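Read through the structure below, which is laid out as structure tokens, and then see the notes.
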Amino acid sequence: MLTAKSIMKHYPPLSCSSKTRTQTQTPKKPNFAFSILHSPSPKARSLSITNTAQDDVGTAGQFRVDILSESLPFIQKLRGKTIVVKYGGAAMKSQELQASVVNDLVLLACVGLRPVLVHGGGPEINQWLKRVNIPPVFHEGLRVTDSQTMEIVSMVLVGKVNKQLVSLINRAGATAVGLSGMDGQLLTARPSPKSQQLGFVGEVARVDSTVLRPLIDSGHIPVVTSVAANESGQPYNINADTVAGELAAALGAEKLILLTDVAGILEDREDPDSLVKKISIDGVKRMVEEGKVGGGMIPKVHCCVRSLAQGVRTASIIDGRVPHSLLLEIMTDKGAGTMITE
């Protein structure tokens, strides 16, 4: 809740230098609250408290109005534009951060943007695998997915996580529709080149956005999970970052945003304060070649670069651990991570 104290922290009293002050000063008015509170009259003290509360409410209202006013240029620029958000990691584990992401999506939809949410659900999959005594196995950072594991992946992502997110968005005031890559043949999968080691881990062979466009045009928020089937109907587990990037390209999205568990791309991986705020495709490729970008960040960077090459205007890797990082990235110049541009 906003208080006068918290507001004044963000908006300190305006001060004037000696050069800008006028020669004629208006006499300072006596402190109304001070004089009344020191009055012996209970009625006067009550009047003081009422006036102070009204001042606080007025200041809080002004604070909100200032924020809305500052957001206007960003809303005007992005109104009617599609943005694809990949959701996972820390922001999915924490209920507070989950509420933050959902509220951000609903707000963006309310002011005229067209969000599409793509999600994974690794931690939930691990929990259910343990329940049925199937040990999670990974190879080079990717989940090894045999037929039993694929059954659990489909059950958790399509039947549980997807519907939970749809319900949360609906409760927050928007209208969401949950889909997997198999619905309407939205995604067609093909086996990964490393299928011998990974099993039913796939790649996106084709995107058919026909089923999505009417939903987006009618103001719904599509919630897409990263399970798809090949031509013969065999389900595959696909990396959610990859799905988000390919959907962004197919929809001609203005922005692709990947929510992660790190601040973004760091100039020095050991220094969290070395965040790169904005970088070109050439610049990020150079960082990969120099070894400054490594580990799990490499597939995210490749996903962003591929989407930009297919027409997406900007791709951002942002810190999902920061409350309302989505709004910070979209509605402010400062942003909440690293933006990659052509």
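Summary table
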{"item": "Tabulated pairs, the stretch 173-189, first more than 14 Å from Ala240 (Cβ to Cβ), second of a type in the set (Lys, Arg), C-beta under 6 angstrom, 6+ apart or interchain", "result": "Gly178/Lys163; Thr188/Arg206"}
{"item": "Counted residues, the stretch 89-118 - those being touching a helix residue (DSSP H, G or I) at 6+ places or on another chain (Cβ under 6 Å) and open to solvent by less than 30 Å² (accessible area, probe 1.4 Å)", "result": "8"}
{"item": "Residue under evaluation Asp268, criteria (1) more than 25 Å from Ser325 (Cα to Cα); (2) in a loop (DSSP other than H, G, I, E, B); (3) open to solvent by 50 Å² or more (accessible area, probe 1.4 Å), criterion not met", "result": "(1)"}
{"item": "Filtered residue count, the stretch 222-253, keeping only those that are at pLDDT below 95 and acidic (Asp, Glu)", "result": "2"}
{"item": "Count - residues of the stretch 307-316 that are part of a helix (DSSP H, G or I) and surrounded by 17 or more Cβ atoms within 10 Å (Cβ to Cβ)", "result": "2"}
{"item": "Cross-chain or 6+ apart pairs with Cβ under 8 Å, the stretch 201-214 first and touching a residue at least 24 places away in the same chain (Cβ under 8 Å) and closer than 23 Å to Gln148 by Cα, then among the aliphatic types (A, V, I, L, M) and open to solvent by 20 Å² or more (accessible area, probe 1.4 Å)", "result": "Val201/Leu142; Val201/Val144"}
{"item": "Matching option when the condition is crowded, with 17+ Cβ neighbours inside 10 Å and more than 24 Å from Gly311 (Cα to Cα), among Ala249, Ala176, Ala228", "result": "Ala176"}
{"item": "Test: residue in the stretch 259-273 that is under 18 Å from Asn239 (Cβ atoms), of a type outside the set (Ser, Thr, Tyr) and at pLDDT 90 or above", "result": "yes"}
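The values are calculated or read from the model by the stated rules, or taken from the named source; none is laboratory data. Predicted model only: the values in this text are computed from it and were never measured. With ideal geometry, Cβ positions are generated from the backbone for all residues, glycine too; neighbour counts draw on all protein chains shown. Ligands, DNA and RNA are excluded from the accessible area calculation, which covers all protein heavy atoms including side chains. Shrake-Rupley method; radii C 1.70, N 1.55, O 1.52, S 1.80 Å.
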